[in-house]
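Asker: Handing you a structure now.
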Amino acid sequence: MCGFVGFSNVKENIVQNRVIIEKMNQTLNKRGPDEDGYYIDEYISMGHKRLIVIDSNGGKQPMIENNSYGDFVICYNGQIYNTKELRKTLEQNGFTFKGHCDTEVLLKSYIYYGHDVVHHLNGIFSFAIWNRKKQELFLARDHFGVKPLFYTIKNNTLIFSSEIKAIFQYPDINKEIDRQGICELFGIGPSHTPGTTVFKNIFEIQPAHFAIFNSSGLHLERYWKLTSSEHTDNFKQTCEKLKFLLNDAITKQLVSDVPLCTFLSRRIRF
């Protein structure tokens with residue numbers, strides 16, 4: 001499952017705050033029991049908890065990339081289904097790889113495409129990428145919000161995490177219930193207003209959105225929207241397309257270097 005935490009303040013040196021990032025990361029132990037890692041620099045601290053599925057040695061996080069484009073660091077949770085296609089494009093444009101995990105492909109895709117990388121991803125994901133040269137943090141969440149990503153801002157510091165409870169490990173972040181959030185929880189839960197949570201001043205990166213955090217502050221932008229169109233296929237074409245989509249989705253989600261299992265569920269009527 002994996003998970004990550006972090007905080008960034010591009011106006012103040014935060015390198016001495018290692019204890020804080022460690023406390024935040026420890027709250028995600030159940031998401032990543034196999035491995036943890038940290039990256040701490042002048043304006044950014046990041047922590048990661050890993051559940052190893054692909055490339056146990058080459059997929060360690062936070063992953064750092066130093067090349068002619070600059071210095072980049074990624075923390076990532078998810079699976080990129082079009083990893084092979086992205087890797088082929090990157091190799092054709094001069095990129096080389098140390099391993100075969102999708103984390104490395106995602107990081108180098110960002111280096112190549114920049115903020116437009118979200119338009120080239122097929123998968124479920126939330127990730128944070130630090131651009132050391134530009135002193136800029138890039139956060140993104142998948143199209144339907146399968147992977148979680150929460151944040152708040154305190155004294156010019158952006159604090160983010162895969163789970164809300166990690167954010168509360170940051171000093172002076174209060175657990176204050178939001179009136180609208182709690183009403184939505186009991187009234188329409190698990191649905192809620194996109195971008196909000198049950199806690200006051202704790203927000204989520206909305207599905208199909210990315211965020212840029214730098215000296216100008218936090219900028220949020222939507223990169224995709226679901227659209228509908230008239231269904232014109234006949235019955236046979238519909239069956240063939242459905243079969244293809246189902247097989248394709250299952251196949252792409254069964255990529256792993258470790259044993260997998262599949263859970264089946266059924267609706268029980270009383």
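The values are calculated or read from the model by the stated rules, or taken from the named source; none is laboratory data. No experiment lies behind these values; they were computed from the predicted model shown. For neighbour counting, all protein chains shown are included, and Cβ atoms are generated from backbone atoms with ideal geometry for every residue, glycine included. Please note that ligands, DNA and RNA were not included when accessible areas were found on the heavy atoms of the full protein model with its side chains. Shrake-Rupley method; radii C 1.70, N 1.55, O 1.52, S 1.80 Å.
Asker: So which of ILE14, ILE44 ends up being among the β-branched types (Val, Ile, Thr), touching a Phe, Trp or Tyr at 6+ places or on another chain (Cβ under 6 Å) and open to solvent by less than 20 Å² (accessible area, probe 1.4 Å)?
Answerer: ILE44
Asker: Hey, can you tell me all the residues within segment 51-70 that are in contact with a strand residue (DSSP E or B) (Cβ under 7 Å, 6 or more places away or on another chain) and either open to solvent by less than 10 Å² (accessible area, probe 1.4 Å) or touching a residue at least 60 places away in the same chain (Cβ under 8 Å) (or both)? Quick ask: steps written out before the conclusion?
Answerer: Initial filter on segment 51-70 (in contact with a strand residue (DSSP E or B) (Cβ under 7 Å, 6 or more places away or on another chain)): 51-52, 60-65, 70.
Residues satisfying the conditions are ILE52, GLY70.
Asker: Here is a follow-up. Which ones in segment 144-185 are part of a loop (DSSP other than H, G, I, E, B), closer than 30 Å to THR227 by Cα and open to solvent by less than 40 Å² (accessible area, probe 1.4 Å)? Spell out how you get there, then give the answer.
Answerer: Initial filter on segment 144-185 (part of a loop (DSSP other than H, G, I, E, B)): 144-149, 155-156, 162-163, 168-176, 178.
From what is left, the residues that are closer than 30 Å to THR227 by Cα are 144-149, 162-163.
Within segment 144-185, GLY145, LYS147, PRO148, LEU149, SER162, GLU163 meet the criteria.
Asker: Answer yes if at least one residue in segment 111-123 is of a type in the set (A, V, I, L, M, F, W, C), open to solvent by 10 Å² or more (accessible area, probe 1.4 Å) and not in a loop (DSSP other than H, G, I, E, B), and no otherwise.
Answerer: Within segment 111-123, one or more residues are of a type in the set (A, V, I, L, M, F, W, C), open to solvent by 10 Å² or more (accessible area, probe 1.4 Å) and not in a loop (DSSP other than H, G, I, E, B).
Asker: Tell me, please, whether a residue that is open to solvent by less than 10 Å² (accessible area, probe 1.4 Å), assigned to a strand (DSSP E or B), under 26 Å from LYS200 (Cβ atoms) and touching a Pro at 6+ places or on another chain (Cβ under 8 Å) can be found in segment 124-131.
Answerer: yes
Asker: Could you tell me whether GLY78 is among the small types (Gly, Ala, Ser) and surrounded by fewer than 20 Cβ atoms within 10 Å (Cβ to Cβ)?
Answerer: Numbers: among the small types (Gly, Ala, Ser): yes; surrounded by fewer than 20 Cβ atoms within 10 Å (Cβ to Cβ): no.
No.
Asker: In segment 37-57, which residue that is at pLDDT below 95 and of a type in the set (A, V, I, L, M) is nearest to the chain's Cα centre (by Cα)?
Answerer: Top of the filtered list is LEU51.
Asker: So which residues in segment 196-225 are in contact (Cβ under 8 Å) with a residue 40 or more places away in the chain, open to solvent by less than 50 Å² (accessible area, probe 1.4 Å), closer than 24 Å to ILE177 by Cβ and among the polar types (S, T, N, Q)?
Answerer: Once the filter is applied, which keeps residues that are in contact (Cβ under 8 Å) with a residue 40 or more places away in the chain, open to solvent by less than 50 Å² (accessible area, probe 1.4 Å), closer than 24 Å to ILE177 by Cβ and among the polar types (S, T, N, Q), segment 196-225 yields only THR197.
Asker: Residue under question is ASP248, and the condition is that it be without any contact (Cβ under 8 Å) to a residue 40 or more places away in the chain, at positive phi and not small (Gly, Ala, Ser); does it hold?
Answerer: Details: without any contact (Cβ under 8 Å) to a residue 40 or more places away in the chain: yes; at positive phi: no; not small (Gly, Ala, Ser): yes.
So ASP248 does not fit the description; no.
Asker: From GLY78, GLY37, grab the single residue that is farther than 15 Å from SER8 by Cα, in contact with an Asp or Glu (Cβ under 7 Å, 6 or more places away or on another chain) and assigned to a strand (DSSP E or B). Outline the logic, then answer.
Answerer: Details: GLY37 fails: in contact with an Asp or Glu (Cβ under 7 Å, 6 or more places away or on another chain).
One residue alone meets the criteria, GLY78.
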